[in-house]
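**Student:** Have a look at this one before I ask anything.
The values are calculated or read from the model by the stated rules, or taken from the named source; none is laboratory data. These figures come from a predicted structure and were not determined experimentally. Ligands, DNA and RNA are excluded from the accessible area calculation, which covers all protein heavy atoms including side chains. Shrake-Rupley method; radii C 1.70, N 1.55, O 1.52, S 1.80 Å.
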Amino acid sequence: MAHAVPTRGTSTGARTGAGAGASGRRTPDVFGERTHLLARWAMPLAIGLVYGYWAASVRRHGGPVTGWNLLFGFMTVLAFALLWYVVRAVADRLPREGHAVLWGAFAGSALGFLYSGSGVAMFTCVLVSLLLAAAVTAGLYYHYATHQAAGKAQATGHHTLTRTT
């Protein structure tokens, strides 16, 4: 197992700011570029396989597995993974607000598709999907706003939190 080495200037290697320490260096990356590339492409496919299995099991309502059910599951995997890749490519080019809204819409739509297959009322399905989309959007917006603000403050030398002794 690989561990990060503590940086100079701290006894424990703990970071005092977002990203880089007092010396300006970032924590070393224990995985190579190839591993990150593989994970970037494999993650949507792996999550898509779980999603496709779930969609197929919801659609058959506890009945036997058929060829059409398998085809539906694999087409769902393909659609989910392709949409994930497209959303990721488009979201990287958007400002943080658009990025958060796009991922929120994707999450809400994915849940809505699964939930609508269970036979619930459409109003309930839409309401639950909108609630999830709003929660994901709010959470991602908060994440991006706080992390980008901390990065900008560190780059300009202005810190929002100061310690008085």
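**Student:** Please report the spacing between the Cα centers of the stretch 128-147 and the stretch 65-102 in Å, no decimals.
**Tutor:** With the stretch 128-147 and the stretch 65-102 each reduced to a Cα centre, they are spaced 18 Å.
**Student:** Still on this model: So between A121 and V30, what do we pick up on full extension, going 0.36 nm a residue minus the alpha carbon distance?
**Tutor:** Contour length minus Cα-Cα distance gives 27.9 nm.
**Student:** Now for a separate question. Largest first, what is the accessible-area ranking of S109, S116 with a 1.4 Å probe?
**Tutor:** The residues order as S109, S116, largest area first.
**Student:** How much accessible surface does L102 have with a 1.4 Å probe, in Å² rounded to 10?
**Tutor:** 50
**Student:** Tell me, what is the 1.4 Å probe accessible area of H61, in Å² to the nearest 10?
**Tutor:** The accessible area comes out at roughly 130 Å².
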